[in-house]
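S.K.: Let me begin by handing over the structure; questions about it come next.
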Amino acid sequence: MSDQVRPTVIANARLIDPEAGAEARGHLLILDGRIAAIQPEDVPVAEIATPEAAVIDARGACLAPGIVDIGVKVGEPGERHKESYGTAGAAAAAGGVTTIVTRPDTEQCIDTPEALEFIRRRAVTATPVNVLPMAALTKGRQGREMTEIGFLMDAGAVAFTDCDAVIADSKVAARAMTYAAGLDALVMGHPQDPGLSRGSAATSGKFASLRGLPAVSPMAERMGLDRDIALVEMTGVRYHADQVTTARALPALERAKRNGLRVTAGTSMHHLTLNEMDVADYRTFFKVKPPLRSEDDRQAVIAALRDGLIDVIGSFHTPQDEESKRLPFEEAASGAVGLETMLPVLLRLYHAEDLTLPALFRALSLNPARLLGLACGRLAEGAPADLVLFDPDKPLVLDRFKLRSKSKNTPFDGARLQGRVLGTWVGGRRVHDG
């Protein structure tokens, strides 16, 4: 029996349970790819370990459900020079991400069952973590004709989104949402008014004016979310807003949830930890979509996450090569890599006492798993042994050239962080040893 698949006990760990909202010291047994037992620290390890089990002494490090990252872009097909499934999988494993949910905005849009089948085959052979693909809501993400949602679901699509190509024609959006509702398919929207946000590179305000950058009002997000919520009310579809990043959008989200609409929302690691001032002198690695917001917006989004109004945090991993970033700010490509950096970066919120670790993993693991109907995301007997072991206090100076992603476009290069992944397990198999 190999060390990778033999029963394993992770002993003397800080068990982070997002479902119970609690943490406690104890031991966990992995058997046949699942969590077989959890015992408190006062129970001897010998009582939980089977005779053939490997015993790993966590020495007080944190053990949590593996991260489920919704909205990851991989460069295949079409942009393999930016990111392959092999490099994305290695980065995910190193970052404690056990399931990546991929976006369809590749160079060859993922809008047919054949394209989905290509992803499935590539992921199985090249990636050590779970890969779940999303498909486009309209053909070519052009907002004119909806895709064959039923066939795509049969081929394995877990959700449907046109990503940042917002469907401008509300009649097309309503038709697609109505069809998706009939199949109980999840639709993920990008809440932006496409007209107002077109061509923008920053959030409107004093900073953008001083820098002379084309800017978009935070109201564009509010208007886009209002439109989508109205369509949800009309069609009854399950809807997830991919990135809610402004205080202006939060009241609309709160009303939708209070009224019982099937609406959830996410936000990005970058909008939780950076603000518009970080762009400074046109640093293009800080150019993301939507653009970084004000500090007031950042604090409002953190509060919404803490209160459960925002459900999910994602890395929105978007690899870009050097050529597309080394341009004037307005012309540079948007996006940053985040699979490997997400956990240590988000631990800033824990160290600042903005979020507890169970609350953080509620948004990183439990809620995204529930949204997609997955059994993972929990520390519970019988759940898949998709786990991350990490030291939240270990110092780290991030070096982008050491990242496993092919592209190195992170805004956190040189940042002093606290937190390091020590181990990642997928289905009980160790896929990263830190």
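S.K.: Along the positive direction of the dipole of region 127-268 (beta-carbon charges: Lys, Arg +1; Asp, Glu -1; about the Cα centre), which of Val232, Leu186, Ala249 reaches farthest?
M.R.: Result: Ala249.
S.K.: Show the residues, 5+ positions off or on another chain, whose built amide H is closer than 5 Å to the amide H of Arg34.
M.R.: Hits under the 5 Å cutoff: Ala385.
S.K.: With the full set of protein chains in place, find how many percent of the accessible area of region 327-434 is carbon and sulfur; take the probe as 1.4 Å.
M.R.: Values: 1820 of 4050 Å².
The C+S portion of the solvent-accessible surface of region 327-434 is 45 percent.
S.K.: Nearest 500 deg cm²/dmol is fine: what mean residue ellipticity at 222 nm does the chain get from its DSSP H runs of n ≥ 4 alone, each adding -39,500 (n - 2.57), divided by its residue count?
M.R.: Values: 15 runs with 125 residues, N = 434.
-8000 deg cm²/dmol, from helical runs alone.
S.K.: May I pose another question? How much area per residue is accessible in region 297-362 when the probe is 1.4 Å and only protein heavy atoms are counted (Å²)? List each step's numbers first, then the result.
M.R.: On the way: 2190 Å² over 66 residues.
Value returned for region 297-362: 33 Å² of accessible area per residue.
S.K.: Let me ask you something else. If you roll a 1.4 angstrom probe over the protein chains with everything in place, what fraction of the accessible area of region 63-103 belongs to carbon and sulfur, to the nearest %?
M.R.: On the way: 290 of 560 Å².
Exposed carbon and sulfur together represent 51 percent of the surface.
S.K.: Also, quick follow-up: If amide H atoms are built 1.01 Å from N in the plane of the peptide, which residues on other chains or at least 5 residues away come under 5 Å of the amide H of Ile56?
M.R.: For Ile56, whose amide H was placed from the backbone, the distant partners under 5 Å are Val9, Ile10, Ala11.
S.K.: Can you tell me the length gained on complete extension of the stretch Arg306 to Glu145, counting 0.36 nm per residue apart and subtracting the Cα distance?
M.R.: 54.1 nm
S.K.: Something else: Considering amide H positions built from the backbone, and no H for Pro or chain starts, which residues 5 or more places from Ala265, or on another chain, come under 5 Å of its amide H?
M.R.: Hits under the 5 Å cutoff: Ala241, Asp311, Val312.
S.K.: Answer with one residue from Asn275, Ser200, Met153: the one whose Cα lies farthest towards the positive end of the charge dipole of the chain, charges on Cβ with Lys, Arg +1 and Asp, Glu -1.
M.R.: Ser200
S.K.: Rounded to the nearest 0.05, what FRET efficiency is calculated for Glu52 and Phe118 with R0 set to 45 Å and r the Cβ-Cβ distance?
M.R.: Numbers: r = 39 Å, r/R0 = 0.88.
The formula returns an efficiency of 0.70 here.
S.K.: Something else: Listed here are the pairs Lys139/Lys257; Lys289/Lys406; Lys289/Lys325; Lys82/Lys394; which of them are more than 25 Å apart at the Cα? Could the numbers behind the result be given before it?
M.R.: On the way: Lys139/Lys257 30 Å; Lys289/Lys406 20 Å; Lys289/Lys325 14 Å; Lys82/Lys394 30 Å.
Over 25 Å Cα-Cα: Lys139/Lys257; Lys82/Lys394.
S.K.: Which is farthest toward the positive dipole end of the chain among Val55, Gln418, Cys376, measuring Cα position about the Cα centre, with Cβ charges +1 (Lys, Arg) and -1 (Asp, Glu)?
M.R.: Gln418
S.K.: Could you give the size of the charge dipole of region 98-168 about its Cα centre, using +1 on the Cβ of each K and R and -1 on the Cβ of each D and E, expressed in debye and rounded to the nearest 20? Working shown, then result.
M.R.: On the way: 7 positive and 10 negative charges, 38 e Å.
Value, rounded to 20: 180 debye.
S.K.: Restricting to bridges with both residues inside the chain, how much of the DSSP beta-bridge set is antiparallel, in percent to the nearest 5?
M.R.: Values: 32 of 62 bridges.
The answer is about 50 percent antiparallel.
S.K.: Still on this structure: For Val397, what charge total do you get from the other residues with a beta carbon under 12 Å from its beta carbon, if Lys and Arg give +1 and Asp and Glu give -1? The partial results should precede the final answer.
M.R.: Values: positive: Lys394, Arg400, Lys402, Arg416, Arg420; negative: Asp399, Asp413.
Around Val397, the charge tally is +3.
S.K.: Pull up the DSSP beta bridges for region 1-62 and report the antiparallel fraction as a percent, rounded to 5. Each step should come with its number before you reach the end.
M.R.: Details: 14 of 19 bridges.
That works out to approximately 75 percent antiparallel.
S.K.: Count the net charge of all other residues whose Cβ sits under 11 Å from the Cβ of Glu295, scoring Lys and Arg as +1 and Asp and Glu as -1.
M.R.: Values: positive: Arg293, Arg298; negative: Glu276, Asp278, Asp296, Asp297.
Local net charge: -2.
S.K.: Can you give the charge dipole size of the chain about its Cα centre, rounded to the nearest 20 debye, using +1 on the beta carbon of Lys and Arg and -1 on the beta carbon of Asp and Glu? The partial results should precede the final answer.
M.R.: Working: 50 positive and 56 negative charges, 104 e Å.
Here the chain has a charge dipole of around 500 debye.
S.K.: I've got another one for you. Using every pair of alpha-carbon atoms in the chain, split the distances into 10 Å bins beginning at 0 and state the percent of pairs per bin, rounded to integers.
M.R.: 5, 22, 33, 27, 11, 3, 0
S.K.: Would you work out if region 1-152 is rounded, prolate or oblate? Take a ≥ b ≥ c from the square roots of the eigenvalues of the alpha-carbon gyration tensor; rounded if a/c is under 1.5, else prolate when a/b is larger than b/c, oblate otherwise. Mind dumping the intermediate values first?
M.R.: On the way: a/c = 2.97, a/b = 2.43, b/c = 1.22.
Here region 1-152 falls in the prolate category.
S.K.: Give the share of C-alpha pairs in each 5 angstrom bin for region 188-325, from 0 to the last occupied bin, in whole percents, shortest bins first.
M.R.: Final binned percentages: 2, 10, 21, 22, 20, 13, 7, 3, 1, 0.
S.K.: What order do you get for 362-373, 48-59 when each peptide is scored by the mean count of other beta carbon atoms within 10 Å, highest first? Intermediate results must be reported in sequence, preceding the final value.
M.R.: On the way: 362-373: 23.2, 48-59: 14.9.
The peptides rank, most packed first, as 362-373, 48-59.
S.K.: Around Met219, what is the net charge, scoring Lys/Arg as +1 and Asp/Glu as -1 over all other residues with Cβ under 14 Å from its Cβ?
M.R.: Values: positive: Arg222, Arg227, Arg248, Arg293; negative: Asp193, Glu221, Asp226, Asp297.
Once all neighbours under 14 Å are counted, the net charge is 0.
The values are calculated or read from the model by the stated rules, or taken from the named source; none is laboratory data. Keep in mind that what you see is a predicted model, and the values were worked out from it rather than measured. Cβ sites come from the backbone with ideal geometry, for glycine too, and all protein chains shown count toward neighbours. The area values use the complete protein model at the heavy-atom level, side chains included, leaving out ligands, DNA and RNA. Shrake-Rupley method; radii C 1.70, N 1.55, O 1.52, S 1.80 Å.
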